[in-house]
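These notes are about the structure you will find just below.
Where a number appears in this text, it was derived from the coordinates with a stated rule and is not lab data. Note that the structure is a prediction, hence the values are computed from the model and not measured. Counting neighbours? That spans all protein chains shown, and the Cβs are built from the backbone with ideal geometry, glycine included.
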Amino acid sequence: MKGIFQKSFTVMVVLMLFLLTACSGSSTGDEGSTNTDGGTIQAKIGVVSYLTGAGAAYGEAITNGLKLAQSEINEQGEVNIDLVIEDSAGEAEQALSAAQKLMNDEEILAIIGPTLSTEFFAVAPEADLNGISIMGTSTTAEGIPEIGDYVFRNSIPEALAIPTAMEKAVERTGAKKVALIYGNDDVLTKSGFDTMKKAAEEMGLEIVTIETFQKGQSDYNAQLTKIKNANPDLILASALYNEGAVIMDQARKMGIEVPFVGGNGFNSPQVLEIAGEAANGLIVATPWFGESEDPKVVEFNKKFEEAYGKLPDQFAAQAYDALYIYADALKRAGEADRELFHEALAETKNFEGLLGNFSFDEIGDVVMDVKVVEIKDGKFVEFQ
Amino acid sequence: MLADFINPYHLQIASFILINILLAISVYVPLSSGQLSLGSAGFMGVGAYTSALLTIHFDLPIFVGVLVGAAVAGCLGIIIGIPSLRLSGVYLAIATLGLGEVIRVIFVNWESLTKGSIGLTGIPQMGRELLKLARNVGIEPAMFGLRNNQFVYLMVFVILLILVIGTIWFVFRQQNSRIGRSFSSIQMDEKAAESMGINITYFKVLSFSQGAFLAGLAGALFAHVMGYISPSDFSYHRAVEILIFTVFGGSEVIIGSIFGAIFLTLIPEVLRFVSEYRYIIYGIMLVILMAVRPQGILDIHLLSKFKRLKRSKGGVR
C-alpha cells in the first residue's frame, strides 16, 4: 500500500509540474504586433461570457452584439479589434480562470464581461490589481464600479433605472400604497428589491406587504392572495422575465388589475410571449427600447436580424455599445497600451451610442438618460 | 529564471485542482465507511462563510479563520451525523442533499449576516495578505525575480499543496490503522462488524464528521482564494460535481478521488479551445466512462495490476 501512496504523489507532482511548466508561449509574446500598423491601431480585447449552461442565452446575445460591433468597427478601419472569447459557464471560479488566462496574455488590452454580477465580483478585483480595464455590460448590482479604478460598466444600474420608472408610474397613477414582490435567491432581483424599497421609502409610499419567491417557482397564488388582500395601488416586482411574466399572468387571473413596475431583468419581449394579454400594464425603465424609431436603433435591429436571425435584446445592444466605447477610447489613446487606454476610457464623455448619450462618472459608473416603457395592447410603447 | 516558468493562470487552475482534491476526499472518507454523503457543498459553504465572516468582521488572521471554519463544519457534521446516520444508502444521500440545500437557503435568507444572494465581497485573499506580510518583514518578490501576481499565486499554490499532502497523508495513515479497518468492516457488513465488537455509531459519526471537516476546510480555502463567495457557489450543482470527482476516479481507493479531481478540473480548461462544445465533450466522456467502468477509472484490481507489472519488470532486471 505504501507504494500506491508514493505513486499517488508521483502522479500528482508530475501533473503539477506539467501544469507549471506548460507555460504558453503567449505570456512571453512580443508586444510589437499590438501597436500601430499602417495607421490602424491593432488591439486584442478579451471577453469572458456565459456561453454554456442555464444562462447561455445571455452570453450568446452579448457575444453576438460584440461580434456585430467588431465587424463594423474593423470595416471603418481606424482601429482593428480582435476578440478573444472565453466561456465562464456561469460559475465564479471558471470566470476567474478564464479572466486569468486573458490577463496573462500581454497582448490583451482590456476585458469585457463576465456576464453575471456574481462572476464579476470575483473577477474585477483581480483585473484591477493587474491594471487591466474591465467593463461589465450586463452587471447591474450595486457596488460594482466601486471595486476599483480599472472597473467600469455600461449597463444601467438598478439604482438608476428603478426609481425613474417608479417616479413616472406614481406621477401618472397617483399611487399611495405599494406592494413588493421579489426573488430573494438571485443577485439581480435581490439588489433590485433593495433599490425599490429604498425608493418607495424616500418617495413616502406606504409599503403594504413584502413577498418573496424563489427561482423556478411556478405557483405564486399564496403571495398574490396576500397582495390582493392588502389592496395596493401599484405592485413593485423585482423579478426576471420568466418568473415575472408568470406572476403577472396569475395576478391578472386573480383579478389584480393594478400596474406592475419591474426592474431591468423584467424587460424582455419574452414577457409578451409568456403572459400575453396579462402583460398589459407592466412599466419598466430601460436603456434599450427596441421599438424605437431612432434610425440608429432601426439599423441595428436590421443588421442584427440579418446576421443572427432574431431581434436583439438589451444585452446585445449594451454589448454592442460597449465595444464602440472601447474603440472610441482606443482611438483617443492612440496606441494599444493598457495604461493609456485606461486613462482614455475613464475620460469617456458624451459618447453618442446606440443607447443614447453616454458618460462615465468619476468611479466608472454609467451616466445616461433612462427611457421608461410600458406594455400597452400587447406591445412595448414609450411611457406617456 | 524562475519567473519565466510561473504563469498565474496555470497556478490558479492548479489551486482549484488542489481544493477540489480536498473536496473529493471529503466524499471519499464517509464513503470508505459505506456512507454516501451529498452534503459536501453545504459543509463547504459553512466553512467558507464562517471563515470569511470571521476574517472580515474580526480581523482575525486567515489561518485562524480557516481552522475555525473547518472546525465549525466538523462540529455541524457531528450534530447532523448522530441522528441522520440511522439512515443508510440512498436515504442518507437524500437527507444530506437536503441538508446542503437547507444550508444554502439559510445563506440566502439570513441577509443581515450573509448579505443574501449578493454574497460576501472583500474577503482577504490569502496570497495578497501573504504578500503584505512578506513586505513587512522586508522580503520583496522582486528579490526572487518574481512579479507581484506571480508571487501571490505561487504562495497560494504552495500553501494548498502542503495542506493537501498533509490531508492525503493523514487519510492514508488512518486507512491502515484500527480506525480505517473498522471503517472498511462497516462498509462490508454492518451487522458482522457490530458483532465483532466495533462501535458502529462512533465510527460512522467519526467518518462523517471527518468528511464535513475536510469539506469545511476546502470551503474556507476556497473563500480566501476567490476573495468573493455567494450562495450559488454552494448549490446542489456543486454537491453533484464533488460526488462525480470521487465516483469517476474510483471510489474504492483514495488515489481514485485524487485522480478524478485533477482530471475533471483540468478537462474543461484544456478543452477551452473548442469553446461551446467543451461541456458536451465533458458529458459524453462521463457517460462512456460510467458505462465502461462503473466502479470508476481506478480500482484495487487495476492498481494491483500496475504493481505486478512493476514487480515483474523488476524481477527480469
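With semi-axes defined as the square roots of five times the eigenvalues of the C-alpha gyration tensor, the equivalent ellipsoid of chain A measures 40, 27, 18 Å, largest first. All Cα-Cα distances of region A:242-384, cut into 5 Å bins from zero to the largest, leave 2, 9, 16, 18, 15, 13, 11, 7, 5, 3, 1, 0, 0 percent in each bin in turn. Taking 7 Å steps out from each Cα toward its Cβ at B:K132 and B:I78 produces label points 3.3 nm apart. Projected onto its three principal axes, the C-alpha set of region A:159-286 covers 32, 28, 24 Å, listed from the longest axis down.
For B:E111 and B:E276, the difference between the fully extended length at 0.36 nm per residue and the C-alpha to C-alpha distance is 55.9 nm.
Past 30 Å, Cα to Cα, is the threshold; run A:K215/A:K303; A:K310/A:K371; A:K349/A:K379; A:K215/A:K302; A:K176/A:K376; A:K303/A:K379 against it and keep the listed order.
Checking Cα-Cα distances, A:K215/A:K303; A:K349/A:K379; A:K215/A:K302 exceed 30 Å.
Three principal axis extents of region B:26-124 based on alpha-carbon atoms, in descending order, are 41, 27, 19 Å.
Beyond 17 Å, what share of the Cα-Cα pairs of region B:1-81 remains, rounded to the nearest whole percent? Considering region B:1-81, 59 percent of its Cα-Cα pairs are separated by more than 17 Å. Kirkwood hydrodynamic radius computed over region B:2-316 comes to 20.6 Å, based on all pairs of distinct alpha carbons.
Taking every Cα-Cα distance in the protein assembly as shown and sorting them into 20 Å bins starting at zero, the pair-distance distribution P(r) comes out as 17, 46, 31, 6, 0 percent. The spacing between region A:93-163 and region A:168-236, judged by their C-alpha centroids, is 29 Å.
Share of pairwise Cα-Cα distances greater than 29 Å in region B:118-276 is 37 percent (whole percent). If you take the Cα centroid of region B:293-309 and the Cα centroid of region A:308-381, the two points sit 57 Å apart. Only helices enter this figure: runs of n ≥ 4 DSSP H residues, each worth -39500 (n - 2.57), summed and divided by the residues of the protein assembly as shown, yield -19500 deg cm²/dmol at 222 nm to the nearest 500. Using a cut-off of 24 Å between Cα atoms, the listed pairs A:K177/B:K115; A:K44/A:K190; A:K296/A:K331 include A:K177/B:K115; A:K44/A:K190 as exceeding that distance. Listed by number, the DSSP H helices of chain A that run 24 Å or longer by alpha-carbon position along their axis and have mean Kyte hydropathy of at least -1.0 are A:2-21, A:56-76, A:314-333.
Roughly how far apart, in whole Å, are the Cα centres of region A:275-289 and region B:17-75? Distance between centres, Cα-based: 44 Å.
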